[in-house]
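The values are calculated or read from the model by the stated rules, or taken from the named source; none is laboratory data. Note that the structure is predicted; figures quoted are calculated from it, not measured. Because the Cβ atoms are built from the backbone with ideal geometry, glycine has one as well, and the counts that use them run over all protein chains shown.
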Amino acid sequence: MSSASTTSSLATPVAELPGVGPERASQLARLDIRSVNDLLLHRPRRYEDRRHFKAIKEMQMNEAATTRGKIVAAGLKRWSHGTKSVFEIILEDGTARLHCRWWNLPFMQNYFQVGDDVLVFGKLNSAKPRTIDHPETEVIEAGEEISIHLNRIVPIYPSTEGLPQRWLRSTIARSLDEFERKIPEKNIGQNPTGFPGRAHAIRLLHSPEEMADVEIARRRLALDELVELQTAIQLRRKKLEASARGLPCSGNNKLIRQFLGQLAFQLTEAQTKVLREIRGDMGGAHPMRRLLQGDVGSGKTIVAACNALMALESGFDVALMAPTEILAEQHYKNFQHWLGAMDIHVELLTGSIKTVGNQPSLPTLKTRFSTLFIGTHALIENSFRPGKLGLVIIDEQHKFGVVQREKLLRKGVYPHLLVMTATPIPRTLGLTLYGDLDISVIDQLPAGRAKTKTFVRSEEKLPKVWEFVREKIAEGRQAYVVYPRLDEADEKSGLKAVTKEFETLQKTFSPHRVAFLHGRLRAEEKEKIMAGFHANEIKMLLATSVIEVGIDVPNATVMVVENANHFGLAQLHQLRGRIGRGSENSFCILVYSVKAENGDERLRALERTSDGFEIAEEDLKIRGPGELTGQQQSGLPPFRFANLQTDRGLVERARDFVRETLEKNN
Ligand code: ADP
Ligand code: MG
């Protein structure tokens, strides 16, 4: 049996199955089911054990259960001129009666008749009389495939309007019978215990014998997904190593020594350790592909500078890309200050500034020295053509996609790559997202940093909060006030709200200067504001979350985040990293809106801990991986079965298995 023919039979469009007409096919397409394979992998959202029903008399408040009874009465009531209604059926099972109600869904009356045998799933919302509002129901019709819908653990599928659960269930069951033998086994290693074969797993998914089978099936199918992903990731890396030799970029340490000598501080042990790892890569046989993770303020920029110097003193150009103009400009200033004395050209390329300095930045210009190009996405554009690109550094990696990273790399011939992120990545995600990168961690902050205290407050307490901020400003400190990013949808109303807030703050804090920094300002305006804030002329900076990345003003020791509940924890942790950079104690006040239910609950984690990794794990638990991976651009496939929040063991197993397999086949 060739795998091509099995794959192709599973690729059969659902429209070709008996009983699936054009209308059903288009309903299935809404569920992303197009082929038999999609149908077989359609994952039930829950299961009902229909071997035993709960007697109506035994049903409890707040406890979901399945029961079964005959309809003894049904009726629709309307009021408010027919605009409001309730449809009710009363079931009887010999032990008691159960009322089921649907509010304002009058068409429900078309689905039930007195005398019908009905299955009901739900929780009582009142005990006298026993009532469930909006239960899930199925009417049992005579002559139907009883063995599919009854007397077993029955899958309940995600469905769509007009597509009956029972039709979907029958169709999947019949397709499984027909195609089960054609499901190809996938290699997941030598009979690992606890994992059924793939075809058997798919059988268990739709037809578990015990509830425990559901998880057994899911784990197998999840492992297949993860193995597939790991294969892609590791092959990419293999291909790179097979086709590319590393450029000789380890340098001779001369410039680095000079650079470190002029700093006012010593590198931390963690920074030194990471630099050693990087130096090894820069002189290695293959191009460096390294992720540098370090909490905000851990000093990644210095490490990047040393890394850049290795390439520069080896005679290669370096490109450093940052996600915002503000950050690119800040890096530019720092690097010029640090490296300017060393005869190294530092150039800035952003959307609004193409060239700084008098010479054109195009590499046709023959210079004696290597150049460090610093910029935003502008570096990806065609007009940027460095001469001899030896190293690409990407700051705040999670703000960029894999595609952008590759584009920048293609400006040279397999240059080295260092990507940096302050978003702590839980291990499972790291292996999945950055599986093709080596990982270095700066797990230590420079000594002598003051503490940042975090408080969670309701918005009703804002006047008190402002009073506190005013005191701090009177003591000479500066403050950030952060508003959630204005999203596309309500950018207008959002901007209006922040503008109003800005006017209020200006009044409240007069005569101190308050400025408003947001994404729509022109670059010069932004720069002017940043310069004013750096110079301590502007005392308070109101910003949408543009300050999330990179700004470094040690005298700013207070941060107020409004509507903090709109941010993810990891993001808030990043924001908070803007303060606590000097020797003064800092204060972060997270204000939640009272409209949000339990708005403060999540935020309390930030009061408790300042460990970025702990916070990332918490965020992953609460919000799933989306927030941490930087949306769709991460290149992660949508998983049907794998769960990055809980499947760490499977992720590691998949990685190890693929690694061993690829090594054997070498
Ligand atoms: P991040 O990792 O968030 O990018 P930065 O590189 O911006 O952090 O560093 C934060 C601050 O700490 C900067 O002002 C930097 O000069 C300072 N810094 C970096 N390394 C050290 C060190 N070893 N000792 C003291 N201060 C340091
Ligand atoms: Mg940084």
One residue from L320, L275, L291 being within 16 Å of ligand 1 (Cβ to nearest atom) and modelled with pLDDT under 95: L291
Selection count where residues are in contact (Cβ under 8 Å) with a residue 60 or more places away in the chain and within 27 Å of H52 (Cβ to Cβ), scope the range 214-237: 3
List pairs: first in the range 419-441 and farther than 22 Å from L240 by Cβ and within 15 Å of ligand 2 (Cβ to nearest atom), second aliphatic (A, V, I, L, M) and modelled with pLDDT of 75 or more, Cβ under 6 Å, 6+ apart or cross-chain? A422/V296; T423/A570; P424/A616
Among the numbered criteria (1) closer than 21 Å to P208 by Cβ; (2) out of contact with any Pro (no Cβ under 9 Å at 6 or more places or on another chain), which single criterion is violated by E141? (1)
Does the range 566-574 contain at least one residue that is part of a loop (DSSP other than H, G, I, E, B), within 16 Å of ligand 2 (Cβ to nearest atom) and under 23 Å from T499 (Cβ atoms)? no
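Tell me, which residue of the range 638-666 that is within 22 Å of E618 (Cα to Cα) and assigned to a helix (DSSP H, G or I) is modelled with the highest pLDDT?
In this case the residue turns out to be L650.
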Filtered residues of the range 513-552 (kept if of a type in the set (G, A, S), closer than 19 Å to R581 by Cβ and modelled with pLDDT of 80 or more): A531, G532, A535, A543
S314 meets each of (1) within 16 Å of ligand 1 (Cβ to nearest atom); (2) of a type in the set (S, T, Y); (3) more than 30 Å from A523 (Cα to Cα) with one exception, condition (1)
Within the range 167-206, take every residue that is hydroxyl-bearing (S, T, Y) and surrounded by 17 or more Cβ atoms within 10 Å (Cβ to Cβ) and give me the one that is nearest to L662 (Cα to Cα). S175
I'm trying to understand the selection: among the residues of the range 162-189, which are over 14 Å from D38 (Cα atoms), part of a loop (DSSP other than H, G, I, E, B) and in contact (Cβ under 8 Å) with a residue 12 or more places away in the chain? G162, L163, P184, E185, K186, N187, I188, G189
Tell me which residues, restricted to the range 253-272, are among the basic types (K, R) and either within 14 Å of ligand 1 (Cβ to nearest atom) or touching a residue at least 24 places away in the same chain (Cβ under 8 Å) (or both). K254
From the set of residues in the range 121-148 that are part of a strand (DSSP E or B) and of a type in the set (A, V, I, L, M, F, W, C), which is farthest from V86 (Cα to Cα)? I140
Can we say P287 is touching a residue at least 60 places away in the same chain (Cβ under 8 Å) and surrounded by fewer than 22 Cβ atoms within 10 Å (Cβ to Cβ)? no
Looking at the structure I just gave you, is I153 more than 23 Å from E225 (Cβ to Cβ), more than 35 Å from the chain's Cα centre (by Cα) and aliphatic (A, V, I, L, M)? no
